[in-house]
Amino acid sequence: MIDFSIEWRARPEWREISPLGKVPVLFDGDTKMYESGAMMDYVLAKYGNGALQPEPGSSDHAEYLHWHWFAEATFSRPLGEIVNHGREFPGEKRIDAVVAEMANRGVLAGQMVADHLQGRAYLLGDTFTAADISMGYTIMLLENFVPDKFPEGLRAYWDRLQARPAYQKATSG
Ligand SMILES: N[C@@H](CCC(=O)N[C@@H](CS)C(=O)NCC(=O)O)C(=O)O
């Protein structure tokens, strides 16, 4: 856990670790990474023993990769822009029209995921995978930043993810 304030993340010590000042960062021995989806792939490859993802190269694995990357590369982008344009750095102005448009885009992506989840407990069906971890994080952003338009079709899935003991352990501080 780090101090998420702009001031703390602007410190040269943190910029040395994370050049854009962002989180998260992973250290594993001499390895350092600051891209979350890539960290997950690395952790699964090194420590996963086949857990949390289908057999690499299978069609289920393609579907797994699709959702794992959709969550961070497409769905979370407009939500990140809500953060970027919803605050004022020195010399910058909040841009409300961008915030509203990015909220719309986030809700559209969330609705698309809700449509996919109809009749499924998890993104790939009955089995929880690491793609649900990526997606859960992005759904948390959507709920935080666009609470009034949160797609109801995501609710049961999001509740299911939050009820997992691993989620509770990870978020209990
Ligand atoms: N694609 C990157 C995104 C990292 C990112 O934007 N992190 C956010 C928190 S979720 C952050 O640090 N935002 C603060 C900022 O950009 O100043 C990843 O998944 O690691």
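Would a scan of region 33-41 turn up a residue that is out of contact with any His (no Cβ under 6 Å at 6 or more places or on another chain) and either at pLDDT below 95 or away from the ligand (no atom under 13 Å from the Cβ) (or both)?
We begin by selecting, within region 33-41, every residue out of contact with any His (no Cβ under 6 Å at 6 or more places or on another chain); these are 33-41.
Add one more test, that the residue is either at pLDDT below 95 or away from the ligand (no atom under 13 Å from the Cβ) (or both), and what stays is none.
No, every residue in region 33-41 fails to be out of contact with any His (no Cβ under 6 Å at 6 or more places or on another chain) and either at pLDDT below 95 or away from the ligand (no atom under 13 Å from the Cβ) (or both).
Within region 136-143, is there a residue that is farther than 17 Å from SER36 by Cβ, open to solvent by less than 30 Å² (accessible area, probe 1.4 Å) and part of a helix (DSSP H, G or I)?
Of region 136-143, the ones farther than 17 Å from SER36 by Cβ are 143.
Then keep just the ones that are open to solvent by less than 30 Å² (accessible area, probe 1.4 Å); that gives none.
No, the conditions are met nowhere in region 136-143.
The conditions of being over 21 Å from TYR137 (Cβ atoms) and either within 12 Å of the ligand (Cβ to nearest atom) or in the same structural domain as SER134 (by TED's automatic domain parsing) (or both) are not met by ARG9.
For region 12-31, enumerate the residues that are more than 9 Å from the ligand (Cβ to nearest atom) and open to solvent by 80 Å² or more (accessible area, probe 1.4 Å).
Here is the first cut: in region 12-31, the residues more than 9 Å from the ligand (Cβ to nearest atom) are 12-17, 19, 26-31.
Once the filter is applied, which keeps residues that are more than 9 Å from the ligand (Cβ to nearest atom) and open to solvent by 80 Å² or more (accessible area, probe 1.4 Å), region 12-31 yields PRO12, GLU13, ARG15, GLU16, PHE27, ASP30.
The values are calculated or read from the model by the stated rules, or taken from the named source; none is laboratory data. Please read these numbers as outputs of a predicted model, since none were measured by experiment. FYI the Cβ positions are ideal-geometry reconstructions off the backbone, even for glycines, and counts take in every protein chain you see. Side chains included, ligands, DNA and RNA excluded: accessible areas come from the protein's heavy atoms. Shrake-Rupley method; radii C 1.70, N 1.55, O 1.52, S 1.80 Å.
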